[in-house]
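Worksheet: one structure, shown below.
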Amino acid sequence: MPSASELAWLIPVLPLLGACLTGLGLITFNRTVNRLRKPVALLLITSVGMAAVLSFAILAEQLAGAGGTEVLFDWAGAGSFHLQMGFRVDALGAVMLSLVTTIALLVMVYSDGYMVHDKGYVRFFTYLALFSSSMLGLVISPNLLEIYVFWELVGMCSYLLVGFWYDRDAAANAAQKAFVVNRVGDFGLLLGILGLFWATGSFGFEEIGERLSAAVAGGGLPTGVAVLLCLLVFMGPMAKSAQFPLHVWLPDAMEGPTPISALIHAATMVAAGVFLVARLQPVYEPFPQVQLVIAVIGTITLFLGATIALTQMDLKKGLAYSTVSQLGYMMLAMGCGAPVAGMFHLVTHAFFKAMLFLGSGSVIHAMEEVVGHEPVLAQDMRLMGGLRKHMPITSATFLVGCIAISGIPPLAGFWSKDEILGQAFNSFPLLWAMGFLTAGMTAFYMFRLYFLTFEGPFRGLDAGLRAQLLSAAGQATPESTEDGHHGHASHPHESGWQMAAPLVVLAVPSVLIGLLGTPWNSRFGHLVDPVEAAEVAEHFSWGEFLPLAGASVAISSLGIGLAVLAYALHRIDLGTAVAGRFPAINRFLANKWYLDAINEKIFVQGSRRLARQVLDVDSKVVDGVVNLTGLLTLGSGEGLKYFETGRVQFYALIVFGGVIGLVLLFSAFG
């Protein structure tokens with residue numbers, strides 16, 4: 001009987017088969033399949049569930065000490081050249097498979113409640129299954145070329161899901177933005193993959209690392225070229241994992257349905273970039289210049305995301321910039337040569353960020369019943385408040401997520417983020433200082449989100465405030481219904497079990513899973529990389545750990561305390577104290593560092609201006625030459641037709657005149 005690892009190829013295939021079956025059904029029998037909503041959902045949830053069971057069986061094998069499994073076959077060949085495909089399962093892959101299938105399964109159960117009234121229900125579930133299959137295929141890919149295939153499939157699915165409500169201009173534009181920005185990163189990734197193959201003759205991770213180092217050491221390849229190729233490959237993760245300056249697509253991707261926001265931010269698209277950098281550690285590790293660039297970009301990203309999140313009023317966009325910041329922490333760990341710490345934060349972050357996004361979806365779903373389905377109203381925290389008494393499960397799990405991401409022990413975020421900060425302190429003290437400061441900002445803006453959403457009076461029935469927000473967004477105020485508001489309920493209510501149950505399930509690992517990564521005995525580290533874990537445990541010192549951990553908890557507590565004073569107790573007015581005193585800084589952060597405006601000016605308007613200039617050249621120069629040629633042909637034809645008389649005497653006269661002309665010409669130059 002084959003082991004679970006030998007059946008790993010089934011993990012992406014099962015959701016793919018389900019997606020293909022329902023997709024073909026939508027194409028051929030659209031009305032019938034759309035009426036079979038629950039059976040289709042059950043089929044696709046079952047396919048992902050079976051993939052999850054197989055993933056956990058593989059994880060159990062790895063925990064029991066099983067080695068890695070790699071199965072390859074020749075996909076193409078010519079002479080001595082052989083291009084191999086297949087699948088690879090090891091400890092890192094087993095962790096990612098279990099994570100992706102767990103989050104995907106919970107998101108699909110949640111979606112049954114969230115999308116219940118949407119006319120695209122079946123299409124949404126089909127996209128979800130295809131998205132999950134693409135990410136699972138990426139995880140088990142044994143080489144860079146196969147990863148690139150699934151990498152593009154992940155990008156395609158994200159485009160379909162971000163633009164799911166394609167009849168909304170904002171969603172269509174967000175999907176296009178995500179597509180274009182990721183094409184920039186993917187172009188660099190493709191160039192880097194081809195360059196590494198040219199330099200090493202291999203697409204395998206370990207083989208590339210060994211051969212690239214040997215080529216540089218032997219003088220066959222300049223160090224600068226090797227570093228350039230590594231950085232080109234890193235452009236792919238920069239875009240997928242929303243690193244500065246290619247992060248701009250991720251907040252706009254919130255225009256898609258909230259369940260897909262949770263899946264993108266927790267376990268699929270943004271996780272793909274961090275996972276690829278972890279896979280490429282054998283390639284990056286010999287080049288400290290590459291590691292430094294990754295660490296610096298990660299640090300800029302974590303600081304940028306946190307500062308912008310301070311000013312956000314849209315609940316989902318506040319969480320989106322939080323994700324950008326946390327992804328920066330993961331990349332900082334990779335740049336410090338600590339992939340285990342980065343991957344551990346990816347795992348802990350996946351659980352509490354999925355819970356936070358699904359919690360925000362529960363809030364938005366409830367708000368839509370009161371204020372209507374306009375996102376400007378349903379997602380703005382200025383219209384929320386007081387939701388804790390109406391939505392106890394959502395508020396309690398959201399609070400757990402806020403504590404976890406703030407780094408308060410013993411919840412998960414403390415152990416993973418503190419491990420990253422400890423590695424940064426030993427490698428790059430300046431970057432550690434930025435990460436340390438950002439930890440305080442993280443605690444502040446997350447509890448700001450919590451208090452504005454769940455505490456204080458409910459503001460959703462304030463017609464004047466609704467009109468003001470719509471006016472600021474450039475939208476007309478809809479006519480009120482008889483009960484005085486634009487929804488169907490007089491106050492929000494808790495979501496159904498399909499939406500509440502995943503929140504409760506995700507709260508458990510958000511609290512406990514961090515205990516698997518305690519620095520003095522990291523079970524997670526011993527599973528993923530026993531060598532690095534043993535080294536960390538060997539150099540562990542309570543004298544070093546307690547001051548750093550204590551300082552981290554202290555600055556997080558300071559951020560929470562400031563949020564309590566400002567938004568729970570209302571003892572200080574930050575609008576007056578900070579925004580009023582430093583209006584330029586407030587505008588800078590509220591306008592997202594003006595990066596969207598810069599991109600609009602340089603790339604969007606610049607490309608349009610270039611396109612207009614090319615059009616002018618085409619119409620005035622190219623078309624002018626073509627038209628002139630036609631006119632000359634027409635004119636010469638019109639003139640020559642008078643010489644076509646049909647009289648032999650006339651033709652003889654022309655020949656005679658031509659001969660006389662040639663004689664005179666030769667006489668003149670003779």
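Conditions first: (1) in a helix (DSSP H, G or I); (2) touching a residue at least 60 places away in the same chain (Cβ under 8 Å). Thr46 passes all but one, so which condition is the exception?
Unmet condition: (2).
Checking Leu346 against (1) open to solvent by 20 Å² or more (accessible area, probe 1.4 Å); (2) within 15 Å of Ser322 (Cβ to Cβ), which single condition isn't satisfied?
With (1) open to solvent by 20 Å² or more (accessible area, probe 1.4 Å); (2) within 15 Å of Ser322 (Cβ to Cβ) applied to Leu346, the lone miss is (1).
Only one of (1) of a type outside the set (D, E, K, R); (2) open to solvent by 40 Å² or more (accessible area, probe 1.4 Å); (3) touching a strand residue (DSSP E or B) at 6+ places or on another chain (Cβ under 8 Å); (4) modelled with pLDDT under 85 fails for Leu83. Which number is that?
(2)
Return yes or no: is Leu662 at pLDDT below 85 and of a type outside the set (Ser, Thr, Tyr)? Don't jump to the end; show me each part of the working.
Working: at pLDDT below 85: yes; of a type outside the set (Ser, Thr, Tyr): yes.
Answer is yes for this residue.
Would you check if His345 is within 19 Å of Ser510 (Cα to Cα) and either of a type in the set (Lys, Arg) or modelled with pLDDT under 90 (or both)? Outline the logic, then answer.
On the way: within 19 Å of Ser510 (Cα to Cα): yes; either of a type in the set (Lys, Arg) or modelled with pLDDT under 90 (or both): no.
Here the answer is no, as His345 does not meet what is asked.
Look through Phe436, Phe414, Phe425, Phe447 and report the one residue that is assigned to a helix (DSSP H, G or I), modelled with pLDDT of 90 or more and closer than 22 Å to Val363 by Cα. Step through it out loud before you land on a result.
Numbers: Phe436 fails: closer than 22 Å to Val363 by Cα; Phe414 fails: closer than 22 Å to Val363 by Cα; Phe425 fails: closer than 22 Å to Val363 by Cα.
Going through Phe436, Phe414, Phe425, Phe447 in turn, just one is assigned to a helix (DSSP H, G or I), modelled with pLDDT of 90 or more and closer than 22 Å to Val363 by Cα: Phe447.
Mind listing whichever residues of segment 1-34 are small (Gly, Ala, Ser) and assigned to a loop (DSSP other than H, G, I, E, B)? Before you say what the answer is, go through the steps one by one.
Of segment 1-34, the ones small (Gly, Ala, Ser) are 3-5, 8, 18-19, 23, 25.
Listed by number, the residues that qualify are Ser3, Ala4, Ala8.
Got a sec? Which helices (runs of 4 or more DSSP H) wholly within segment 251-298 have at least 3 residues that are more than 19 Å from the chain's Cα centre (by Cα)? Working first, answer last.
Numbers: elements: 258-266, 269-279, 281-284.
The qualifying helices (runs of 4 or more DSSP H) are 281-284.
When the residues of segment 13-53 are filtered to those that are open to solvent by less than 20 Å² (accessible area, probe 1.4 Å) and among the hydroxyl-bearing types (Ser, Thr, Tyr), which remaining residue is farthest from the chain's Cα centre (by Cα)?
Thr22
Of the residues that make up segment 517-531, is at least one closer than 15 Å to Ala341 by Cβ, without any contact (Cβ under 8 Å) to a residue 24 or more places away in the chain and β-branched (Val, Ile, Thr)?
Scanning segment 517-531, I find at least one residue that is closer than 15 Å to Ala341 by Cβ, without any contact (Cβ under 8 Å) to a residue 24 or more places away in the chain and β-branched (Val, Ile, Thr), so the answer is yes.
Within segment 153-165, identify whether any single residue is more than 22 Å from Ile308 (Cα to Cα) and of a type in the set (Val, Ile, Thr), and answer yes or no.
Yes, the conditions are met somewhere in segment 153-165.
Here is a check on your reading of the model: is Gly606 out of contact with any Phe, Trp or Tyr (no Cβ under 7 Å at 6 or more places or on another chain) and modelled with pLDDT of 85 or more?
Details: out of contact with any Phe, Trp or Tyr (no Cβ under 7 Å at 6 or more places or on another chain): yes; modelled with pLDDT of 85 or more: no.
No: the conditions fail for Gly606.
Working only within segment 116-153, note down all residues that are outside any helix (DSSP H, G or I) and more than 24 Å from Gly361 (Cα to Cα).
Matches in segment 116-153: Ile140, Ser141, Pro142, Asn143.
Return the pairs, sorted by first residue and then second, in which the second residue is open to solvent by less than 10 Å² (accessible area, probe 1.4 Å) and basic (Lys, Arg), the first residue lies in segment 338-356 and is farther than 20 Å from Ala500 by Cβ and part of a helix (DSSP H, G or I), the beta carbons are less than 8 Å apart, and the residues are 6+ apart or on different chains.
His345/Lys417
From the set of residues in segment 559-601 that are at negative phi and in contact with a Leu (Cβ under 7 Å, 6 or more places away or on another chain), which is surrounded by the fewest Cβ atoms within 10 Å (Cβ to Cβ)?
Step one: of segment 559-601, the residues at negative phi are 559-569, 571-591, 595-601.
Keeping just the survivors that are in contact with a Leu (Cβ under 7 Å, 6 or more places away or on another chain) gives 566-567, 571-572, 589.
Values: Ala566: 20, Tyr567: 22, Arg571: 8, Ile572: 13, Leu589: 18.
Among those residues, the one meeting the criterion is Arg571.
What's the total number of residues in segment 415-440 that are over 25 Å from the mean Cα position of the chain (by Cα) and over 14 Å from Met334 (Cβ atoms)?
Counting residues in segment 415-440 that are over 25 Å from the mean Cα position of the chain (by Cα) and over 14 Å from Met334 (Cβ atoms) gives 6.
Filter segment 144-171 for residues that are farther than 20 Å from Val122 by Cα and modelled with pLDDT under 90; which is nearest to the chain's Cα centre (by Cα)?
So the residue we want is Ala170.
Within the group Leu411, Leu387, Leu449, which residue is under 21 Å from Leu506 (Cβ atoms) and open to solvent by 10 Å² or more (accessible area, probe 1.4 Å)?
Values: Leu387 fails: open to solvent by 10 Å² or more (accessible area, probe 1.4 Å); Leu449 fails: open to solvent by 10 Å² or more (accessible area, probe 1.4 Å).
One residue alone meets the criteria, Leu411.
Of all residues in segment 164-183, how many are in contact with a helix residue (DSSP H, G or I) (Cβ under 6 Å, 6 or more places away or on another chain) and outside any loop (DSSP other than H, G, I, E, B)?
Count: 9.
Out of Leu191, Leu232, Leu221, I need the residue that is crowded, with 18+ Cβ neighbours inside 10 Å, assigned to a helix (DSSP H, G or I) and either aromatic (Phe, Trp, Tyr) or touching a helix residue (DSSP H, G or I) at 6+ places or on another chain (Cβ under 9 Å) (or both). Which one?
On the way: Leu191 fails: crowded, with 18+ Cβ neighbours inside 10 Å; Leu221 fails: assigned to a helix (DSSP H, G or I).
Exactly one of Leu191, Leu232, Leu221 is crowded, with 18+ Cβ neighbours inside 10 Å, assigned to a helix (DSSP H, G or I) and either aromatic (Phe, Trp, Tyr) or touching a helix residue (DSSP H, G or I) at 6+ places or on another chain (Cβ under 9 Å) (or both), namely Leu232.
Could we say that Tyr127 is closer than 25 Å to Leu191 by Cβ and open to solvent by 10 Å² or more (accessible area, probe 1.4 Å) here? Outline the logic, then answer.
Values: closer than 25 Å to Leu191 by Cβ: no; open to solvent by 10 Å² or more (accessible area, probe 1.4 Å): yes.
Taking the combined requirement at face value, the residue does not satisfy it.
Sort out which residues of segment 531-558 are open to solvent by 70 Å² or more (accessible area, probe 1.4 Å) and assigned to a helix (DSSP H, G or I), and write them in order of number.
Here is the first cut: in segment 531-558, the ones open to solvent by 70 Å² or more (accessible area, probe 1.4 Å) are 531, 535, 538-539, 542, 544, 546-547, 558.
Val531, Glu535, Glu538, Trp542, Glu544, Leu546, Pro547, Leu558, listed by residue number.
The values are calculated or read from the model by the stated rules, or taken from the named source; none is laboratory data. None of the values given here were measured: they were computed from a predicted structure. Quick reminder, even Gly has a Cβ in these numbers, built from the backbone with ideal geometry, and neighbours come from all protein chains shown. Heads up: the accessible areas ignore ligands, DNA and RNA and are worked out on the full protein's heavy atoms, side chains in. Shrake-Rupley method; radii C 1.70, N 1.55, O 1.52, S 1.80 Å.
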